[in-house]
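Engineer: Structure incoming, see below.
The values are calculated or read from the model by the stated rules, or taken from the named source; none is laboratory data. It should be emphasised that the depicted structure is a prediction, and the values quoted were computed from it without experimental measurement. All Cβ positions, even for glycine, are placed from backbone atoms using ideal geometry, and neighbour counts span all protein chains on display. The accessibility values were calculated without ligands, DNA or RNA, using every heavy atom of the protein model including side chains. Shrake-Rupley method; radii C 1.70, N 1.55, O 1.52, S 1.80 Å.
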Amino acid sequence: KKIKFRASSHYVPEKIVTNDDLAQIMDTSDEWIQKRTGIKQRHISQGENTADLSVKVALDLLAKSGLSAKEIDLIIVATMSPEAYTPSTAALVQGEIGASKAFAFDISAACSGYIYALEMASAYLASGQAKRVMVLGGEVLSKIIDWQDRATAVLFGDGAGGAILEIDSDGTSAFLASDLATYGQDGQSLTAGITPALTSFPANGEHKFSSFAMDGHAVYSFATREVPKSIQRACDKAQLAVSDIDYFVLHQANARIIKSVAKKMQLPIEKFPINIDRYGNTSAASEPILFDELVQAGKIKPGSLVALSGFGGGLTVGTQIIRY
Ligand SMILES: O=C(O)C1CCN(c2ccc(-c3cc(CO)ccc3Cl)cn2)CC1
């Protein structure tokens, strides 16, 4: 599919929280966090919610692309920390930027969300139902994690990123292949925002929000097992060898997972950029943030072959192979 990235952007809240800052308020240490996760700091919202971060990215995308909001046909936001059940975060963004010609919806696929959103975007573009699609990944995980649970509280950060995609029939940019897989039977390994049905009528208990919970070992082994397989399947569909790929933009869940995937696939670690040290795990935002940093640094350039892989809640895994 002859699709090109018209623009790319990312935004993180200003406030930086270091591992030492966390060690002041919970029983953890900079040494443990760095050794086990690779994280040194993360950006934490001070009142900005998921739509606020997403709007910042959306406005920057419009500025960079030279497009007006009315030229956008579709807005998709991938998030596991939406503003609300309704309106969707995508609808809030649509209203805020005045994209009156766009229809908008959220995608809930946790840390694979941006990959699933790229799949939706490429389908609408290939069918001609949309000419310009704004795809965003945005998270304010600081509002859903349990800050008393040191096992998970140290892992996450807030942020947003995204791109404007459009058909470019006579260009060389393209979405070459994808692989999306869901393992719902393992879904209980990573949960947040569980909302149980009422057990009596009329309701007598207050609604308690269930914060982020994870069986770290189960998700860790799921990721190291399934990500190489998803990348291989996607490369096979694209009729590429994994060694043809210039950069593997993996969900920044954990530095050791990324290194183990590179090792398992016998590929140089230089092809697996890591920025988790600066942002923590920003779930659906982690790929668009890293992708944009690589584009801004001129590392991803026209003709680059890039594999983007997400993995996490669902449980889900997804890979997109693109020629930039
Ligand atoms: O070493 C240790 O003791 C622990 C071992 C467990 N760890 C984990 C485990 C899983 C994740 C993770 C999270 C999400 C959610 O976005 C998605 C995908 C993954 Cl693979 C992140 N860290 C941290 C260090």
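Engineer: Would it be correct to say that residue 319 is polar (S, T, N, Q), open to solvent by less than 20 Å² (accessible area, probe 1.4 Å) and over 19 Å from residue 121 (Cβ atoms)?
Structural biologist: Taking the combined requirement at face value, the residue does not satisfy it.
Engineer: Tell me, which residue of region 266-288 that is outside any helix (DSSP H, G or I) and open to solvent by less than 20 Å² (accessible area, probe 1.4 Å) is nearest to the ligand (Cβ to nearest atom)?
Structural biologist: 281
Engineer: I need a count of the residues in region 143-157 that are away from the ligand (no atom under 13 Å from the Cβ) and either touching a His at 6+ places or on another chain (Cβ under 9 Å) or not in a helix (DSSP H, G or I) (or both).
Structural biologist: Going through region 143-157 one residue at a time, the tally reaches 3.
Engineer: Next question. Can you tell me which of (1) open to solvent by 10 Å² or more (accessible area, probe 1.4 Å); (2) in a loop (DSSP other than H, G, I, E, B) is the one residue 263 doesn't meet?
Structural biologist: (2)
Engineer: State yes or no: is residue 122 part of a helix (DSSP H, G or I), within 16 Å of the ligand (Cβ to nearest atom) and at pLDDT 95 or above?
Structural biologist: The answer is no for residue 122.
Engineer: Using beta carbons and a limit of 7 Å, which pairs, at least six apart or on different chains, have the first residue in region 291-308 and within 20 Å of residue 159 (Cβ to Cβ) and the second one among the polar types (S, T, N, Q)?
Structural biologist: Hits for this filter: 291/8; 292/8; 292/9; 293/275; 295/8; 308/319; 308/320.
Engineer: With respect to residue 293, is the statement that it is assigned to a helix (DSSP H, G or I), within 16 Å of the ligand (Cβ to nearest atom), acidic (Asp, Glu) and modelled with pLDDT of 95 or more true?
Structural biologist: Criteria not met by residue 293.
Engineer: Something else: Return the residue satisfying two criteria in turn: it lies in region 181-231 and is of a type in the set (D, E, K, R) and closer than 29 Å to residue 242 by Cα, and of such residues it is farthest from the ligand (Cβ to nearest atom).
Structural biologist: Here the residue is 229.
Yes/no matrix, rows are residues, columns are (1) open to solvent by less than 20 Å² (accessible area, probe 1.4 Å); (2) in a strand (DSSP E or B):
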position: 164; (1), (2): yes, yes
position: 172; (1), (2): no, no
position: 175; (1), (2): yes, yes
position: 180; (1), (2): no, yes
position: 185; (1), (2): no, no
position: 196; (1), (2): no, no
position: 200; (1), (2): no, no
position: 203; (1), (2): no, no
position: 207; (1), (2): no, no
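Engineer: Right, next: If residue 241 meets every condition in (1) crowded, with 17+ Cβ neighbours inside 10 Å; (2) of a type in the set (A, V, I, L, M); (3) farther than 26 Å from residue 56 by Cβ apart from one, which number is that one?
Structural biologist: (1)
Engineer: Might you let me know whether region 87-100 holds any residue that is of a type in the set (Ser, Thr, Tyr) and open to solvent by 10 Å² or more (accessible area, probe 1.4 Å)?
Structural biologist: yes
Engineer: Can you tell me which residue among 80, 26 is in contact with a strand residue (DSSP E or B) (Cβ under 9 Å, 6 or more places away or on another chain) and of a type outside the set (Val, Ile, Thr)?
Structural biologist: 80
Engineer: Now for a separate question. Condition check: small (Gly, Ala, Ser), within 21 Å of the chain's Cα centre (by Cα) and more than 15 Å from residue 10 (Cβ to Cβ). Does residue 286 satisfy that?
Structural biologist: No; evaluated as a whole, the condition is false for this residue.
Engineer: What pairs can you find where one residue is in region 138-163 and more than 15 Å from residue 10 (Cβ to Cβ), the other is buried (at least 24 other Cβ atoms within 10 Å of the Cβ) and of a type in the set (Lys, Arg), and their Cβ atoms are less than 8 Å apart, with a gap of 6+ or different chains?
Structural biologist: Cβ pairs passing all conditions: 156/42.
Engineer: For the structure I just gave you, tell me whether residue 114 is closer than 24 Å to residue 176 by Cβ and within 16 Å of the ligand (Cβ to nearest atom).
Structural biologist: yes
Engineer: Further question on the same structure: Between 221, 230, which is hydroxyl-bearing (Ser, Thr, Tyr), surrounded by fewer than 16 Cβ atoms within 10 Å (Cβ to Cβ) and outside any loop (DSSP other than H, G, I, E, B)?
Structural biologist: Step by step, each of 221, 230 is checked, and only 221 is hydroxyl-bearing (Ser, Thr, Tyr), surrounded by fewer than 16 Cβ atoms within 10 Å (Cβ to Cβ) and outside any loop (DSSP other than H, G, I, E, B).
Engineer: Given the criteria on the phi > 0 side of the Ramachandran plot and touching an Asp or Glu at 6+ places or on another chain (Cβ under 7 Å), does residue 283 qualify?
Structural biologist: Criteria met by residue 283.
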